[in-house]
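Down below is the structure, laid out as structure tokens.
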Amino acid sequence: MKSIIIYESTHHGNTKKLVEAIAGKYPVETVSIEQAESVDLSGCDRIGLASGIAFGKFYKRMEEFAARIPSGSSVFLLYTCGNPGNGYVKNITRTLEAKGVKVIGNYGCRGYDTFGPFRLVGGIAKGHPTEEEIAGAVAFYEKVVNQEKNGHAL
Ligand SMILES: Cc1cc2nc3c(=O)[nH]c(=O)nc-3n(C[C@H](O)[C@H](O)[C@H](O)COP(=O)(O)O)c2cc1C
């Protein structure tokens, strides 16, 4: 089973911490969004899309990339955001499902945010993702893999 995670983590490298923790424990190839165009995804059994959140969605480049994932692929989503929320995967999930891509789960947590006015107050969600939140991403990945092995959808 070949796994790959494509990441875009430009604000503070918050999301990349989740990706690195997963790849540190499991055989997962990691590719930045800049290099993603040159990767052949057709041979991947499991594709992760990992991104910070901007204006309520995954980063624009990642949202656009999602529309080019081969139909029939299985995708999981990882994100970090300044404000906790659960609607951030809505748009990208819609894009993927419209393409016939199966979304097999998502995990999100807070990430240090100094965007706009938050910079003036030293940022929000300082210290995030925490070790616990990073471990949560690894546990999420394990769950995705195990559920697939057992033939269940999440
Ligand atoms: C331009 C911009 C817009 C953002 N918009 C949101 C938002 O709508 N909701 C939110 O919770 N966080 C928002 N954030 C905060 C980031 O999603 C958060 O800091 C995230 O952890 C950054 O991930 P990264 O370091 O992996 O890029 C925004 C950050 C930037 C730079």
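Values in this text are rule-based calculations from the coordinates and carry no lab data. None of these values were measured; they are calculated from a predicted model. All Cβ positions, even for glycine, are placed from backbone atoms using ideal geometry, and neighbour counts span all protein chains on display.
Sites listed here are chymotrypsin sites (Phe, Trp or Tyr not before Pro) in the range 1-77 whose DSSP assignment is loop and whose Cβ has at most 15 other Cβ atoms within 10 Å: F55. Relative to the dominant Cα principal axis of the chain, helix 14-25 is inclined by about 40°.
Taking amide H atoms as placed 1.01 Å from N in the peptide plane, the amide H of V101 lies under 5 Å from those of G72, each 5 or more residues away in sequence or on another chain. The GluC sites (Glu not before Pro) found in the range 1-104 that occupy coil by DSSP, while having at most 16 further C-beta atoms within 10 Å, are E37.
Bridges between two residues of the chain, per DSSP, are antiparallel at a rate of about 10%. Summing charges over all other residues whose Cβ lies under 9 Å from the Cβ of S3, with Lys and Arg as +1 and Asp and Glu as -1, gives 0. What whole number of Å gives the distance from the Cα centroid of the range 23-67 to the Cα centroid of the range 90-150? Taking the Cα centre of each part, the range 90-150 and the range 23-67 sit 12 Å apart. Applying D = kT/(6 pi eta Rh) to the range 3-149, where Rh is the Kirkwood radius over alpha-carbon pairs, T corresponds to 4 °C and eta to 1.567 mPa s, the Stokes-Einstein value obtained is 85 µm²/s.
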